[in-house]
Amino acid sequence: MRAVKILVVLALVLGLAACGANQPPSKFKSYDGPPITRIQVQKAERKMYMISGSQVVKVYDIALGFQPQGHKQFEGDGKTPEGTYLIDRRNPNSAFHLSLGVSYPNANDRINALANGKLPGGDIFIHGDSPGPKRQRDWTAGCIAVTDAEIEDVYAMIREGTVIQILP
């Protein structure tokens, strides 16, 4: 009787383990490194630095907006903003795998755009490169793009409220 119970328990354990065997790996990773206190983007270098205090923890190659030089001024200009912003939202259902929202436009961005009779635009994100490979130099509408695998790491590292400094 005891052997039968052991076999039943073993069969249940193996059956439950097999249920997850065909599942794709989760895009949601965990991060146990030092807290990332700041993100710095160097547009000219096409680099994004994850920084903890004064230490660079990780560096990523990036793609920018299709007109990368200069600060984003208007909706549709293809530029990636420059300045200091915050990561203000997380999108686990992004069309670009995963994404982290940048708090552009700020009050000055809105004032400058409206003074020129235009809208400042918005929806600036750090995101992956889905829905398809786009490893060409600069292709976004003003966002900062990394690979899908890299955005999984970045998404795990970054919390809402993290400062992002975007430099020319």
Q. On full extension of the chain, what length is gained from ASN106 through LEU86, given 0.36 nm per residue of separation minus the C-alpha to C-alpha distance?
A. 6.2 nm
Q) For the residues PHE66, PHE96, what sequence is obtained by ranking on other C-beta atoms within 10 Å, fewest first? A) PHE66, PHE96
Q | Spin-label model distance (nm) - GLN55 vs ASN116, 7 Å beyond Cα toward Cβ | A | 4.2 nm
Q: Based on other C-beta atoms within 10 Å, arrange LEU98, LEU114 from fewest to most.
A: LEU114, LEU98
Q.
For the ranges 146-152, 159-165, what's the packing order if you count other beta-carbon atoms within 10 Å of each residue, average per peptide, and put the highest first?
A. 146-152, 159-165
Q: Sort TYR85, TYR104, TYR31 so the one with the fewest other Cβ atoms within 10 Å of its own Cβ comes first.
A: TYR31, TYR85, TYR104
Q: Please name whichever of GLY128, VAL146, GLN42 sits farthest to the positive end of the charge dipole of the range 30-167, dipole taken about the Cα centre and charges placed at Cβ: Lys and Arg +1, Asp and Glu -1.
A: GLN42
Q) Of all DSSP beta bridges in the range 30-167, what percent run antiparallel (nearest 5)? A) 75 percent
Q | For the range 30-167: relative contact order, % (alpha-carbon pairs under 8 angstrom, 6 or more apart) | A | 32 percent
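All of the numbers you see were taken from the coordinates with simple rules; none came from a lab. This is a predicted model, so every value here is computed, not measured. Quick reminder, even Gly has a Cβ in these numbers, built from the backbone with ideal geometry, and neighbours come from all protein chains shown.
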